[in-house]
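Just below is one structure, and these are the notes that go with it.
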Amino acid sequence: MRRMAILTSGGDAPGMNAAVRAATRAALAQGWEVFGVRNGYAGLIADTLMPLTAREVGGIIQQGGTVLGSARSAEFRSEAGRAKALRNLAQHGIDALVVIGGNGSQTGTHALAQMGFPVVGVASTIDNDIVGTDTTIGVDTAVNVTLEAIDRLRTTGSSHQRAFLVETMGRDCGYIALMAGIAGGAEVIAIPEFEVAPHEVAERLQAAYQRGKTHALVVVAEGARHDARAMMRHFEEHRDAIGFELRVTTLGHVVRGGIPTACDRVLATRLGAAAVDHLARGDHGLLVGTRGNGLVATPLADVADKTKPIDLRLLEMARVLAQ
Ligand code: F6P
């Protein structure tokens, strides 16, 4: 009988639990034994495996975060760390691993595959920056949380003739800011992939004020060279005539917390089950993700150490529509 382990790694993402549940139950349906690893790769090295049954993954599909725990492990980046992890897997008779995580985690998955271990990655990060998938588990929730904040800030902004700088997560990727900015009708979207200088933001806000807008929203990705605080500092130092009063809201980890949307639950369920389907067919060393409405698998060698670009035409569209 096959023994499969599952771990969640890197920053948690809403929907990870749905993927754990799906992979566990799909593997049990194959007649395999399933083990959960606590705290990602760090747990693999510390040998924190526990058996998972269908009941143990019950009632978690709607929970945010990850019931398995997650971590970023410096030790796993070393060959010695990875060798220790593989020794622990061998000791438990584990012959396949599913890794639910983001870009850094899938680079680790690739390293294990290169060492000859059967592993399948499941694309999961709020940043949506993984090559080999249109969307990742967690990004829909993160965009919707950011959007809710934008919608709420608009009402108070309107009452006070204020402009808000809203900073959202995404590491070096502007996807969350771009999507939430489009959906929220933001006046300006500032992302790392296409920098907007603070003086240009000031000009656009001033123009919006002069056109008679009662509020304005600037959505800033945390990875932008001028993040929300830097932008605010610039405005204070240069006393740019913006018209609106300005306030800053930094969303931070709020974006990553809370219950997953239906889209994230469905995506996570499909990807978790697909990971097991591939292992059952003897396919491994790949990442499962989506293309259009379908599922695709991409060799980990084509995924590791790469970053998916975003569609900058959407940014230009948003700029034109903000007039
Ligand atoms: O990669 C997911 C993410 O939430 C990024 O958007 C963010 O930059 C980072 O993790 C935050 O990391 P930490 O939780 O370690 O502070």
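Quick one: plug the Kirkwood hydrodynamic radius of the range 59-147 (C-alpha pairs) into Stokes-Einstein at 37 °C, 0.692 mPa s, and report D in µm²/s.
Working: Rh = 14.5 Å.
This corresponds to a translational diffusion coefficient of 226 µm²/s.
For the chain, divide the Cα radius of gyration by the Kirkwood radius and give the resulting Rg/Rh value with two decimals.
Numbers: Rg = 21.6 Å, Rh = 20.5 Å.
My calculation puts Rg/Rh at 1.05.
Using Cα-Cα distances under 8 Å and only pairs 6 or more residues apart, what relative contact order does the range 170-217 have, in percent? Show your work: numbers first, answer last.
On the way: 32 pairs, mean separation 16.7, N = 48.
Relative contact order here is 35 percent.
Which angle from 0 to 90°, rounded to the nearest 10, does the C-alpha axis of helix 103-114 make with the longest principal axis of the chain?
30 degrees
Using only Cα atoms, tell me the angle between helix 79-91 and the longest principal axis of the chain; keep it within 0 to 90° and round to the nearest 10.
50 degrees
Given the -39500 (n - 2.57) contribution per DSSP H run of 4+ residues, what per-residue ellipticity at 222 nm results for the chain, rounded to the nearest 500 deg cm²/dmol?
Values: 10 runs with 130 residues, N = 323.
About -13000 deg cm²/dmol.
With springs only between Cα atoms under 10 Å apart, run a GNM on the chain and tell me which of 284, 238, 199 wobbles the most.
Between 284, 238, 199, it is 238 that shows the largest mean-square fluctuation.
How large a share of the accessible area of the range 1-68, in percent, is made up of carbon and sulfur atoms when the probe is 1.4 Å and the other protein chains stay in place?
Details: 1170 of 2310 Å².
The C+S portion of the solvent-accessible surface of the range 1-68 is 51 percent.
Take the Cα radius of gyration of the range 140-257 and divide it by 2.2 N^0.38 Å, with N its residue count; two decimals is plenty.
Values: Rg = 12.9 Å, N = 118, 2.2 N^0.38 = 13.5 Å.
For the range 140-257, the normalised Cα radius of gyration is 0.95.
Are there any trypsin sites (Lys or Arg not before Pro) in the range 182-256 that are in a DSSP loop and have at most 14 other Cβ atoms within 10 Å? List them by number. Don't skip to the answer; put the middle values down first.
Details: sites: 204, 211, 213, 225, 229, 233, 239, 247, 256; in loops: 211, 213, 225, 239.
Of the trypsin sites (Lys or Arg not before Pro), the ones in loops of the range 182-256 whose Cβ has at most 14 other Cβ atoms within 10 Å are 211, 225, 239.
Can you tell which of 133, 168, 53 shows the greatest fluctuation in a Gaussian network model of the chain with Cα springs below 10 Å?
Largest GNM mean-square fluctuation: 53.
Using a 1.4 angstrom probe on heavy atoms only, work out the carbon and sulfur share of the accessible area of the range 140-257 in %.
Details: 2510 of 5210 Å².
With neighbouring chains kept in place, the figure for the range 140-257 is 48 percent.
Principal axis extents for the range 213-323, Cα atoms only, whole Å, descending order, please.
On the principal axes, the range 213-323 reaches 64, 29, 27 Å in Cα extent.
Under 5 Å between amide H atoms, partner at least 5 residues away or on a different chain: which partners does residue 261 have, H built in plane at 1.01 Å?
141
Taking a quarter of the surface of the convex hull around the Cα atoms of the range 160-229, what do you get in nm²? Display every interim value, and only then the final one.
Working: hull surface 17.4 nm².
Mean shadow area of the hull around the Cα atoms is 4.3 nm².
How fast does the range 1-64 diffuse by Stokes-Einstein, in µm²/s, taking the Kirkwood radius from C-alpha pairs at 37 °C and 0.692 mPa s? If you can, show how the numbers build up before the last one.
Details: Rh = 12.0 Å.
The Stokes-Einstein estimate is 274 µm²/s.
Express the relative contact order of the range 164-323 as a whole percentage, based on alpha carbon pairs under 8 Å and six or more residues apart in sequence. Provide the component values of the computation, followed by the final result.
Details: 214 pairs, mean separation 45.7, N = 160.
It comes to 29 percent, rounded to a whole number.
How big is Rg to Rh over the range 1-149, alpha-carbon atoms, Rh as the Kirkwood inverse-mean-distance radius?
Working: Rg = 14.7 Å, Rh = 15.3 Å.
Ratio value, two decimals: 0.96.
What is the helix-to-structure angle for 228-238, meaning the angle in degrees between its Cα long axis and the longest Cα principal axis of the chain, kept from 0 to 90 and rounded to the nearest 10?
Roughly 20 degrees, rounded to the nearest 10.
Roll a 1.4 Å probe over the protein chains and send me the accessible area per residue for the chain in Å².
Values: 13380 Å² over 323 residues.
With all protein chains present, the chain gives 41 Å² per residue.
Measure out, as a whole number of angstrom, how far apart the alpha-carbon centroids of the range 71-101 and the range 1-28 sit.
Using only Cα atoms, the two centres lie 15 Å from each other.
Expressed as a whole number of Å, what is the distance separating the alpha-carbon centroids of the range 159-192 and the range 267-318?
Centre-to-centre distance over Cα atoms comes out at 26 Å.
Remind me, relative contact order of the chain in percent, using alpha carbon pairs under 8 angstrom and six or more residues apart? List each step's numbers first, then the result.
Details: 755 pairs, mean separation 77.0, N = 323.
That works out to 24 percent.
What residues have an amide H closer than 5 Å to that of residue 35, excluding those fewer than 5 places away on the same chain, when H is modeled at 1.01 Å from N in the peptide plane?
Those lying under 5 Å, H to H, from residue 35 are 4, 5, 6, 52.
Once the convex hull of the alpha carbons of the range 27-82 is built, what does its volume come to per residue, in cubic angstrom? Walk me through the numbers on the way to the answer.
Numbers: hull volume 5.1 nm³, N = 56.
Expressed per residue, the convex hull around the Cα atoms of the range 27-82 is 92 Å³.
Restricting things to alpha carbons, find the Rg to Rh ratio for the range 250-290 using the Kirkwood radius for Rh. Don't jump to the answer; show the numbers that get you there.
On the way: Rg = 14.2 Å, Rh = 12.2 Å.
Rounded to two decimals, Rg/Rh equals 1.17.
The values are calculated or read from the model by the stated rules, or taken from the named source; none is laboratory data. Just so it is clear, the structure is predicted and the values come from calculations on it, not from any experiment. Don't worry about glycine lacking a Cβ; one is built from the backbone with ideal geometry, like all the others, and counts go over all protein chains shown. Surface areas here come from the heavy atoms of the whole protein model, side chains and all, with no ligands, DNA or RNA. Shrake-Rupley method; radii C 1.70, N 1.55, O 1.52, S 1.80 Å.
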